[in-house]
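Notes follow the structure.
Read-outs throughout are calculated quantities, based only on the coordinates presented, and are distinct from any laboratory measurement. Remember, it's a predicted structure, so these values are computed and weren't measured experimentally. Here the Cβ is made from the backbone with ideal geometry for all residues, glycine too, and neighbour counts use every protein chain on show.
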Amino acid sequence: MPRRSALLALAVLAGMTLSGCYALDPEMRRVVAQRKAAERAAKEAPTKQAPSEPAMAVTILPQTVLPPPMPAPAGADAALDPAVAAVARHTLDSVAHDYVGLVLELGTHNKSDIDAYYGPKALMAAAVTDPRSLAMLGEAARQLSASLDDVAPHLTAAADQRRLRALKAMLLAAETRSEMLQGKRFAFADEAERLFGVRPTLEPLSAYDATLAAIAQLVPGDGELADRVDAYFDRFTIPAARLKPTFDAAIAQCRARTAAQVMMPEDESFDLQFVTGKSWSGYNFYMGGYRSIIQVNTDLPIRLARALDLGCHEGYPGHHLFNLQIEAKLVRDRNWIEYSVYPLYSPQSFLAEGSANYGIDLAFPGDERIAVERGTIMPLAGIEPPADERYWQLLDAIKALSGARLTIAQQYLDGAIDRPTAVALTQKYGLVSRPRAEQMTDFTEKYRSYVINYGLGEAMVRDYVERGAPSRDMMWRRFLGLLGEPTLPADLAAQ
Ligand SMILES: [Zn+2]
């Protein structure tokens with residue numbers, strides 16, 4: 001079996017679980033509402049404004065004054081001149097600072113673009129007071145990126161170079177979002193590459209037919225395979241009254257296994273909430289100060305597998321740990337301000353979702369997941385543990401279908417198929433009920449090429465962590481090393 005397709009694992013049954021939050025700032029919400037009203041009014045006005053500019057006064061925020069452009073390097077001596085290197089590093093800090101303001105201003109145009117922010121309050125206040133137009137923000141991102149190009153030859157420290165590369169990728173993502181929010185549409189693969197730093201190569205759906213045939217053997221019977229699989233999993237539904245104790249226990253299991261491998265801040269914590277009316281199935285809102293709010297969407301019945309999936313993906317060693325590591329190592333230790341804001345559409349999300357999905361297998365290798373679900377989670381959920389292991393065999397087999405989710409998203413977003421076809425294909429290749437396929441298609445419509453971050457992110461994180469068959473301790477060290485450094489998809493692929 002091709003290793004790649006086997007590794008393209010994605011929690012299809014779980015739907016999509018997003019990584020973070022926007023800053024829950026009432027002022028930002030108010031400004032967004034005001035802006036939208038102004039834009040609506042402008043559209044409806046009989047005399048048209050210039051089409052790409054919102055009808056409101058635009059003031060350029062006071063920007064950090066950048067040093068003058070660096071002279072072209074005159075050879076090795078110039079690159080090693082400590083004074084020149086110091087100016088280059090100052091420019092890097094300045095660009096990082098301005099990048100934060102730029103992303104926060106983007107958030108005033110579309111609040112869900114900001115997944116988390118816990119940087120200086122003054123930057124948020126400035127952003128919501130006088131946000132630039134989307135066109136101006138796109139241009140600002142290009143200029144900041146050019147400033148980085150100017151100083152790149154003068155940054156000799158590996159940490160500075162790695163920081164600069166990541167910042168350039170973030171600026172390209174911000175520029176791309178500013179264009180998308182103005183209505184520009186990119187082809188699926190182009191969009192993914194510009195936002196997340198990786199170009200997905202997708203299998204045709206026919207590549208998954210053999211897996212479907214193998215799954216059909218596990219769930220024999222008449223009727224559509226998706227209906228048979230859905231009916232089989234129905235008996236593993238957690239009753240509403242048991243959700244909280246079941247999830248609490250699952251999260252405790254995930255936390256204990258993670259805490260055995262990594263020292264976490266003593267005051268880290270999160271609140272677990274059950275919500276409805278969302279296009280995602282779970283969400284980690286990182287609040288800063290090592291705190292998260294983890295939400296579980298209960299629109300559809302919650303299946304047992306969600307308990308450990310969510311505990312690991314949203315909690316430990318997934319999003320909550322990822323954000324703890326970023327705050328502790330990049331924001332607090334290094335004072336790299338660009339990491340105090342987390343734009344949803346950025347290469348950070350590739351690593352966030354990839355590491356969160358892979359974290360489940362890292363925390364529960366081999367048969368350990370089966371043992372914990374049989375011994376602890378199922379009894380708490382009031383579910384009779386099955387006599388055989390078909391349940392887990394089926395879950396594993398379905399994971400091998402996860403790449404199909406991306407192919408369907410690409411076809412739908414690129415206009416090759418319509419929504420009813422996308423929903424039908426999601427049922428067929430995701431082996432989910434129609435309501436779940438509808439929810440997954442809603443997610444694709446809203447978050448677009450973000451879907452690549454799950455299956456492809458997991459595959460690339462797994463390949464990186466498990467390269468050369470290391471010990472389990474080494475796998476944890478590699479995994480944690482990724483979370484505490486600016487990491488791009490290209491770093492995962494590098495040998
Ligand atoms: Zn997630």
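The order of Y391, Y232, going from fewest to most other C-beta atoms within 10 Å of their C-beta, is Y232, Y391. Hydrodynamic estimate: the Kirkwood radius of the stretch 102-215 over Cα pairs, inserted into Stokes-Einstein at 37 °C and 0.692 mPa s, corresponds to D of 199 µm²/s.
What is the sum of charges, Lys and Arg at +1 and Asp and Glu at -1, for the other residues whose Cβ falls under 14 Å from the Cβ of K168? Charge balance in the 14 Å sphere: -3.
Protection proxy ranking of 374-383, 467-476, 126-135, by the mean of other Cβ atoms within 10 Å over each peptide's residues and highest first, is 126-135, 374-383, 467-476.
Computed over neighbours whose Cβ is under 10 Å from that of L330, the net charge equals 0, Lys and Arg +1, Asp and Glu -1. Along its first, second and third principal axes, ordered by size, the stretch 382-425 spans 46, 20, 13 Å in Cα coordinates. Only Lys, Arg, Asp and Glu carry charge here, each on its Cβ (+1 for the first two, -1 for the last two); on that basis the stretch 373-495 has a dipole of about 80 debye about its Cα centre.
Of all the Cα-Cα pairs you can form in the stretch 216-287, what percent are over 21 Å apart? The share of Cα pairs beyond 21 Å in the stretch 216-287 comes to 52 percent.
If one computes P(r) from the Cα atoms of the stretch 176-274, what percent of pairs lie at distances over 16 Å? Tail fraction, whole percent: 77. Calculate the length of the line joining the C-alpha centroid of the stretch 200-237 to that of the stretch 422-471, in whole Å. So the two Cα centres are separated by 15 Å.
Fewest neighbouring Cβ atoms within 10 Å first, the residues V151, V372, V262 line up as V262, V372, V151.
Volume per residue for the stretch 339-475 equals 161 cubic angstrom (convex hull of Cα atoms). Across the stretch 230-246, coupling constants 3J(HN,Hα) worked out from phi with the 6.51/-1.76/1.60 Karplus curve, θ = phi - 60°, read 4, 5, 4, 6, 4, 6, 9, 8, 7, x, 3, 5, 9, 4, 5, x, 5 Hz, and Gly and Pro carry x.
Evaluated on the stretch 244-333, the Kirkwood hydrodynamic radius is 13.3 Å, with distances taken between all distinct Cα atoms. Per-residue packing, averaged as other Cβ atoms within 10 Å, sorts the ranges 106-117, 87-98, 272-283, 448-459 into the order 448-459, 106-117, 87-98, 272-283, beginning with the highest.
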